[in-house]
Amino acid sequence: MNTCELSRLHPVHRLSRARGRQQNRNRPWRNARIKGPATRHRTALAAALSAALIALTAGCGSAGHPSSPGSGTSRAATPGVTSALGRLSVHTADIDLTITSAVVHLDRSGDGTLSMSVRNGGAVPEHLGMVATPDEGRGVLVGGRSAEGNGSLSTAGILLLSGTTVAFHGDGPRVELHHVRGITAGHTLPVSLQFGVAGLVRLQVRVASS
């Protein structure tokens, strides 16, 4: 190839280099246009995952809060549970508990006792751990004469042995009430009782003057 041929090709070479530079300048714009949707997708995905994490954290936090006896779920209106004035029974696969003759005896100041009979027909011992009345009232549990055995009081509550009936009055265990409020116009009182196995139960109890 002679000098004349090189001179004729030189402008073409310069044109190729110019085109290459133009392509290099255009390439970032094309890459940005291609990467844009992917970047937006990753941002949206990160936002969605963050929102889901917040929701799960809030849900776990709510589920972890312990419920107090006064706000627990009652067994009333559930299968195996029947209730009437002064009476309630819980009969399920592993629970056989019956409360009968429940009456609140109060004086004019609202002090008195809750008398009742509680039969534990279940296969395991039961405990009455708490008695509550409206306006955050709490009954005082008093054990029977014996420090051990049926009707005795421990840190778990009043013991109700399997296959026995415990009378809450007289020489047996008692539930003392003080400054009771919430008596209805029909002279009844809603009472909540917390058992170790049967859980929280609620019933309406007749109010009598002591």
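Just to be sure I understand the filter: pairs with C-beta atoms under 7 Å, separated by 6 or more residues or on different chains, first member in segment 159-180 and more than 20 Å from Arg87 (Cβ to Cβ), second member basic (Lys, Arg). Which pairs pass?
Asp171/Arg145
Considering each of Gly149, Gly186 in turn, give the residue that is touching a residue at least 12 places away in the same chain (Cβ under 8 Å) and of a type outside the set (Ser, Thr, Tyr).
Just a single option satisfies the conditions, and that option is Gly149.
Quick check on my filter: what residues within segment 80-97 are assigned to a strand (DSSP E or B) and out of contact with any Gly (no Cβ under 7 Å at 6 or more places or on another chain)?
Val81, Thr82, Ser83, Ala84, Arg87, Leu88, Ser89
Which condition from (1) open to solvent by 10 Å² or more (accessible area, probe 1.4 Å); (2) in contact with an Asp or Glu (Cβ under 7 Å, 6 or more places away or on another chain) is the one that Ala123 breaks?
Of the numbered conditions (1) open to solvent by 10 Å² or more (accessible area, probe 1.4 Å); (2) in contact with an Asp or Glu (Cβ under 7 Å, 6 or more places away or on another chain), the odd one out for Ala123 is (2).
The values are calculated or read from the model by the stated rules, or taken from the named source; none is laboratory data. Because the structure is predicted, anything quoted here is derived from the model rather than measured. FYI the Cβ positions are ideal-geometry reconstructions off the backbone, even for glycines, and counts take in every protein chain you see. Just the protein is used for accessible areas: all its heavy atoms, side chains included, with ligands, DNA and RNA removed. Shrake-Rupley method; radii C 1.70, N 1.55, O 1.52, S 1.80 Å.
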